[in-house]
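Have a look at the structure below, then the notes.
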Amino acid sequence: TVGVGLTSFSSLDLFQESSGVSTTGENNLGIGGHVTVIHRDAEGSVLSYQQYDNVITNEGLNCMTRTVFATTNGTCAMGTDTDAFDFIGLLADGQTADAADTGNAETVSGGGLDPAVATTIGIDVAAAGSGTTTGNVVTGIQKTFTKTNNTAAIIAGATLQTGANDALFASKVFSGGDVTLNENDTLEIGRAHV
């Protein structure tokens, strides 16, 4: 659940700063991390790779204070304090990301691109000079979408929410440009934190 331990707290940090998206309090809260966007064709060859720093929406900040500090916040749409920000959706061509966003009804659906719960990942990293996998752990979440029909889809960005059109932690239009997915292409959205 969100807010229990460092691993689940760090899973909150996802998308990069872009114009129009607030990063208020980001440095003060110690949130860090990166989001990666990997587009592969049907044979698994990488067609594009993008990496960004994280950003959060105003609602995301409000929900985080509610979850971490057990405060009441009317601008947070989380259903319960045990909801997790682990639901990734894709933004369609022409959509924007704004600090005032509180949900993205415009997330793409159909053809294998429905918003879905991400997978939590954890990777042990060898301690400096020790040759062992102790002490340092990379944590994050990721979701791979696979285009299942033959109608091309243009993907402009991604969101991180507690569920479909629920509390929105981050909403990011890709700074590296839209991604066009054809049949059997995959789009991996991932986020890591050390």
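The values are calculated or read from the model by the stated rules, or taken from the named source; none is laboratory data. Just so it is clear, the structure is predicted and the values come from calculations on it, not from any experiment. Here the Cβ is made from the backbone with ideal geometry for all residues, glycine too, and neighbour counts use every protein chain on show. Note: areas computed on protein heavy atoms with side chains; ligands, DNA, RNA excluded. Shrake-Rupley method; radii C 1.70, N 1.55, O 1.52, S 1.80 Å.
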Fill in: Flag for GLU43 being acidic (Asp, Glu) and either closer than 16 Å to ALA170 by Cα or part of a helix (DSSP H, G or I) (or both)
no
Response to the item:
Over region 55-81, the set of residues of a type in the set (S, T, N, Q), under 14 Å from THR162 (Cβ atoms), open to solvent by 40 Å² or more (accessible area, probe 1.4 Å) and within 18 Å of the chain's Cα centre (by Cα) is ASN62
Discussion item. Step by step: first the residues of region 163-194, then only those that are at pLDDT 85 or above and β-branched (Val, Ile, Thr), then the one that is most open to solvent (accessible area, probe 1.4 Å). Which residue is that?
Written reply: THR180
Practice prompt. Would you check if ILE154 is at pLDDT below 90 and part of a strand (DSSP E or B)?
Written response: no
Discussion item. I need the full set of residues from region 138-159 which are closer than 24 Å to ASP101 by Cα and touching a His at 6+ places or on another chain (Cβ under 9 Å), in order please.
Written reply: GLY140, ILE155
Worksheet item: If you check GLY89 against the conditions, is it in a strand (DSSP E or B), under 18 Å from the mean Cα position of the chain (by Cα) and either surrounded by 18 or more Cβ atoms within 10 Å (Cβ to Cβ) or at pLDDT below 80 (or both)?
Response: yes
Worksheet entry | Number of the exception - THR119 against (1) in contact with a Lys or Arg (Cβ under 9 Å, 6 or more places away or on another chain); (2) among the hydroxyl-bearing types (Ser, Thr, Tyr); (3) modelled with pLDDT under 85 | (3)
Fill in: Selected residue (only one of THR139, THR144 is more than 14 Å from GLN50 (Cβ to Cβ), at pLDDT 85 or above and not in a loop (DSSP other than H, G, I, E, B))
THR144
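Quick grid of which residues meet (1) at pLDDT below 75; (2) polar (S, T, N, Q); (3) in contact with a Gly (Cβ under 6 Å, 6 or more places away or on another chain):
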| residue | (1), (2), (3) |
| --- | --- |
| MET64 | no, no, no |
| ALA70 | yes, no, no |
| ALA84 | no, no, no |
| GLN95 | no, yes, no |
| GLU106 | yes, no, no |
| SER109 | no, yes, no |
| ASP114 | no, no, no |
Worksheet item: Out of curiosity, is GLY129 touching a strand residue (DSSP E or B) at 6+ places or on another chain (Cβ under 6 Å), over 25 Å from ASP185 (Cα atoms) and at pLDDT below 75?
Response: no
Worksheet entry | Selection from region 158-185 of residues that are aromatic (Phe, Trp, Tyr) and within 20 Å of GLY94 (Cα to Cα) | PHE174
